[in-house]
Amino acid sequence: MSAGADAGAGVDDGLAGFDTTIHAPIRLRVCALLDAAGEAEFGLVQKQLGLSASVLSKHVTVLMDAGYVEQRKAVRDTRQRVWLRLTARGRDAYRGHLAALRAIVGPSDPPAAP
Amino acid sequence: METNGVHGDGHGIRLTQEQARSALADTEQVRASAAALSATPWPTWFFVTLTLYTAALPIMCGGMLAESDWLLPGPAWMGVMLAATAVYGVLSAVASKGWRERTGVALRYDVLPKRATVPLAIGLPVVLVGSALAFRSTGKPAWLIAASLAGVAASVGFHLTFVRLHRKTT
């Protein structure tokens, strides 16, 4: 994955994990939710992130095609529910991406103003 | 097409510190809301079940391990223990399934910090079984009552911690 930033050459090592597939805002949020929750139902992800089913489905498909997310189908109240979770590869990619973002922000970043 | 501040030029990525900070803040917000869901407490009926089972465990162990019959014959204590554990197992499975369906997230056992859960995971079984052994050697049921109260305190403490965590993050 190609990566670089205008934050300076000193952070190049930290940027190795930058992942353009994950960095898209909705996919980044999906990954953050799945990383924190372990596994989450499609409808819950949709509700938590305020997305339509079609938009979420589109982004989940991208993450699944990249091998970052897998789904499990389960029946509840006679209706089929889809549960999503990060794969080991997806978890590594997400955490690597967070490390890259932190490298860009920099270690001496002052606290954000209120 | 959304970009989240990424401008590809075919060779690299340009992302400002502010954009990276904003993306990190975004993930932290999502993580906090997911953590609140993971900290959803058990329903009251299962909290009561869990507390009663924890309270009964040292008494049942004490009855099983007693040198002579105490309140019930030894084999009867064994039967009570097996029946209670089987009922608890079934109710636990029902509660776990209901919890997952209600919250929409996986049931996790690492929501609380390890410095709180590891000592309890080791200490509580030691207290529960140790009290039965102390009762066997001394014949004093106070050991069992003390262990039972310790179990109740741990169960109530954990429940209240989850209630507080859930409220704090929602």
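Tabulated data
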| item | result |
| --- | --- |
| Single residue of B:SER96, B:SER22 found to be modelled with pLDDT of 90 or more, closer than 17 Å to B:PHE162 by Cα and within 14 Å of chain A (Cβ to nearest Cβ) | B:SER96 |
| Residues (in contact with a helix residue (DSSP H, G or I) (Cβ under 7 Å, 6 or more places away or on another chain) and of a type outside the set (A, V, I, L, M, F, W, C)) located in the range A:39-69 | A:GLN46, A:GLN48, A:HIS59, A:GLY67, A:TYR68 |
| Hey, B:ARG108 part of a helix (DSSP H, G or I) and modelled with pLDDT under 90 or not | no |
| Failed criterion for A:TRP83 (all others in (1) in contact (Cβ under 8 Å) with a residue 24 or more places away in the chain; (2) farther than 12 Å from A:LEU34 by Cβ; (3) more than 12 Å from the chain's Cα centre (by Cα) hold) | (2) |
| Pair list, Cβ under 8 Å, 6 or more apart: the range A:28-54 residue facing another protein chain (nearest Cβ under 8 Å) and among the hydroxyl-bearing types (Ser, Thr, Tyr), other residue in a helix (DSSP H, G or I) and crowded, with 19+ Cβ neighbours inside 10 Å | none |
| Some residue of the range B:27-39 being surrounded by 19 or more Cβ atoms within 10 Å (Cβ to Cβ) and more than 30 Å from A:ALA103 (Cα to Cα) | yes |
| Answer from B:LEU128, B:LEU107, B:LEU124 - the residue that is closer than 30 Å to A:ARG76 by Cβ, surrounded by 15 or more Cβ atoms within 10 Å (Cβ to Cβ) and not acidic (Asp, Glu) | B:LEU107 |
| Scan of the range A:16-27 for residues that are in a helix (DSSP H, G or I) and either buried (at least 23 other Cβ atoms within 10 Å of the Cβ) or more than 10 Å from chain B (Cβ to nearest Cβ) (or both), ordered by number | A:ALA16, A:GLY17, A:THR21, A:ILE22, A:HIS23, A:ARG27 |
| Candidate set: the range A:67-98, residues that are part of a loop (DSSP other than H, G, I, E, B) and away from chain B (no Cβ under 11 Å); chosen: the one surrounded by the most Cβ atoms within 10 Å (Cβ to Cβ) | A:TYR68 |
| Any chance B:VAL80 is out of contact with any helix residue (DSSP H, G or I) (no Cβ under 9 Å at 6 or more places or on another chain), at pLDDT 95 or above and away from chain A (no Cβ under 14 Å) | no |
| Some residue of the range B:128-149 being within 30 Å of A:GLU39 (Cα to Cα) and hydroxyl-bearing (Ser, Thr, Tyr) | no |
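The values are calculated or read from the model by the stated rules, or taken from the named source; none is laboratory data. Since the structure is predicted, the reported quantities are computational estimates derived from the model, not experimental observations. Neighbour counts run over all protein chains shown; Cβ positions are idealised from the backbone, glycine included.
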